[in-house]
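A quick write-up on the structure given underneath.
The values are calculated or read from the model by the stated rules, or taken from the named source; none is laboratory data. None of these values were measured; they are calculated from a predicted model. Virtual Cβ from ideal backbone geometry, glycine too; neighbours counted across all protein chains shown.
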């Protein structure tokens, strides 16, 4: 049976979304008897200076950590240098590790990993599977990242498109993303829609009266609108800030921010400038064992995504929110699969987010609780492993992704 070699900049014990999903899958496959390797960095998502062990075995997974510069995520130039140094180390590790017949699974942190992974796969006689969480460089172009335009961006797109065309399979996390990938030249028979997941065996609804975090954070008796996870360049916080501004004289409403990211800090500074500190609570990332409690603190959750990035990114936050049984509010449809389980703001309220927050507070007993419906859609561990067909990836059936579901499709 061929070895599986995953490539992603972060892996366990890191808490970032791509790390958690990859770690979950890798551990599951190793437990099932697969020979699993991960090529990753020595860093943590929020600690570029971290020095994790260069080589170790975690839960049966062989972890190969390669060096890279440690400028961190705060500045674009430093982040770009970190990317380039990781590309170089990743290439050296892959060509030394990969063997004929191995399956290299390239994720998208750093962006464009598939370009390097394809080159290594072709050189060593391995096969490439792309596992896309987002689409670059289009995302960078939409966000106005310097240098991501003109001939340079076009060259990157051409190389990336080649990796999509020549991969044995490309896995995306949403139907809109699948359409984008197909429009870029990926053969539709090799494009597979497989939604992300969460630890729904661990995350369960918790009653407010039993939630120790709600009491510890002084939120008893308040209506809490929450946000949990990374608040990065792909997200907007202006909606929540505008709602807080209009509700500043109503202390009943609290906006709870749990997590981190570049825009997390920007929001914190904006809250101070506008003298809204009493309306916000900023809490760092919580340990996985506390997620049931931290996600259940909020009465409803805000799901934020820059509208320009529709089809380029699909937020994975929703699955944890659904597992916790909490309502989820977004300003526009995000995915044909997820939208029916969300509260999408009516057009007449889009300029009055405070009215929506009041409506959420006044109708708590009638708010949709997505857990039951999400569980019918969400991939689940106990349903065994997804098997991509031999026709799709030109090899014996591959136990690739865990926990298949009705929304797992081959296009």
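When residue 348 is tested against the conditions (1) part of a helix (DSSP H, G or I); (2) surrounded by fewer than 18 Cβ atoms within 10 Å (Cβ to Cβ); (3) modelled with pLDDT of 85 or more, the lone failure is (3). Taking the criterion of being touching a strand residue (DSSP E or B) at 6+ places or on another chain (Cβ under 7 Å) and farther than 23 Å from residue 233 by Cβ, the residues of segment 61-89 that qualify are 61, 62, 63, 64, 65, 66, 89.
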